[in-house]
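The values are calculated or read from the model by the stated rules, or taken from the named source; none is laboratory data. All values derive from a computational prediction rather than experimental measurement. FYI the Cβ positions are ideal-geometry reconstructions off the backbone, even for glycines, and counts take in every protein chain you see. Surface accessibility is based on the protein's heavy atoms, side chains included, excluding ligands, DNA and RNA. Shrake-Rupley method; radii C 1.70, N 1.55, O 1.52, S 1.80 Å.
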Amino acid sequence: MIEIRELQPADDRMAVGRIYADSWKYAYKELLPKEYLDNLSAAQWADRLDRVDRYSLIAELDGNPIGTASYGESRDAEYAGQGEIYSIYLLPEYMGKGYGKRLIDAVIERLQACGYESIFLWTLEDNLGARSFYEKAGFICSGKSKEVEIGGKIVTEVQYAIISDYE
């Protein structure tokens, strides 16, 4: 059974970091430099999980971590007052089974509970699988984009947004 909950101090940060590393290696294998992806490690993300400016969820299946998401206030002053989903990742073997939908719904619910009426995220323009996933979850491409450098490669990120219909 899947359980989605807030990351707790006792949770294994390396296990959650492994979710990031493994999903990046899988999802971005055709989009980012191989050498960069080959050098990713769980430890790179483990240290970021306890930042005070973000919240993290963990998805567990039968007590084993299979997914994670982080979220909070927009990191960009241009979108101040909006909720941002910073990341959402599943271990590759759990993708396409509905767990990602449960995880993103939980993030949206928590951001709305914090009072955010507008929620957005950034994804790689060429990551068609992720874009389809976000569209199925109710997000629309806002038409905004930016170039970022990842692993020595300049890539384009596009923004997806969802606007709450509650008052």
So is Val155 at pLDDT 95 or above and either open to solvent by 20 Å² or more (accessible area, probe 1.4 Å) or not in a strand (DSSP E or B) (or both) or not? no
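Listed here are the residues, each with its yes/no results for (1) within 16 Å of Glu3 (Cβ to Cβ); (2) free of Cβ contacts under 8 Å to residues at least 40 places away in the same chain; (3) assigned to a loop (DSSP other than H, G, I, E, B); (4) of a type outside the set (A, V, I, L, M, F, W, C).
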{"residue": "Ala59", "(1), (2), (3), (4)": "yes, no, no, no"}
{"residue": "Pro65", "(1), (2), (3), (4)": "yes, no, no, yes"}
{"residue": "Tyr71", "(1), (2), (3), (4)": "no, no, no, yes"}
{"residue": "Glu84", "(1), (2), (3), (4)": "no, yes, no, yes"}
{"residue": "Gly96", "(1), (2), (3), (4)": "no, yes, yes, yes"}
{"residue": "Gly100", "(1), (2), (3), (4)": "yes, yes, no, yes"}
Could you tell me which numbered condition Leu40 fails, if it satisfies all but one of (1) modelled with pLDDT of 95 or more; (2) over 12 Å from the mean Cα position of the chain (by Cα); (3) outside any loop (DSSP other than H, G, I, E, B)? (3)
Checked segment 87-107 for anything over 20 Å from Ile162 (Cα atoms) and more than 13 Å from the chain's Cα centre (by Cα); matches are Pro92, Glu93, Tyr94, Met95, Gly96, Lys97
So Ile19 clears everything in (1) within 27 Å of Gly152 (Cβ to Cβ); (2) in contact with a helix residue (DSSP H, G or I) (Cβ under 7 Å, 6 or more places away or on another chain) except one condition, right? Which one? (2)
State the number of residues belonging to segment 109-149 that are hydrophobic (A, V, I, L, M, F, W, C), surrounded by fewer than 16 Cβ atoms within 10 Å (Cβ to Cβ) and not in a helix (DSSP H, G or I). 4
Pro92 vs (1) in contact with a strand residue (DSSP E or B) (Cβ under 9 Å, 6 or more places away or on another chain); (2) open to solvent by less than 70 Å² (accessible area, probe 1.4 Å): all pass except (1)
